[in-house]
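Here is the structure we will look at, set down as structure tokens.
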Amino acid sequence: MKKMHPFCRITPPTNLGLPAAIVALSLFVLLGGCASAPVSIEQMAAAEAAVQAANNSSTSERAGAELQIAVAKLASARQAVANKDYDRAKQLAAEAELDARVAQLHAQTVASRKAAQDSQDAARVLSEELNRKLPN
């Protein structure tokens, strides 16, 4: 049984010949020896887009705390990328995207509750008007 590399869990190349050894070495160098791969452009772009979409006056007003959490996590993700802490950056980017969506949903919920309350208030006022105008 071949010995597994303790970090990568891949079998080290043995007796592969020069071309295969060069390819294997190139892949090892490209992958950074199983170090975490950089955060994908798509992942960071998705987080950026989600935070940008949530960052409007309605969300700021109705779900400001949630929005600030998303903005802070996105900033931390950017910093983690700069520090080459890619695992942390991936985690923070995913959290920023979810937090931005939570902020949007919270803002929509607050707006819906307000609209429902306004409708109930209008119905109550109409009912009171009808009761005053109708003879008993």
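The values are calculated or read from the model by the stated rules, or taken from the named source; none is laboratory data. Predicted, not measured: the structure shown is a model, and the values here were computed from it. FYI the Cβ positions are ideal-geometry reconstructions off the backbone, even for glycines, and counts take in every protein chain you see. Just the protein is used for accessible areas: all its heavy atoms, side chains included, with ligands, DNA and RNA removed. Shrake-Rupley method; radii C 1.70, N 1.55, O 1.52, S 1.80 Å.
Remark: C-alpha extents of region 51-114 on the principal axes read 45, 16, 15 Å, sorted largest to smallest.
Annotation: per residue accessible area for region 31-134 equals 65 Å², rounded to a whole number [probe 1.4 Å, protein chains only]. Taking trypsin sites (Lys or Arg not before Pro) across region 28-136, the ones in a DSSP loop with at most 14 further Cβ atoms lying within 10 angstrom of their Cβ are LYS84.
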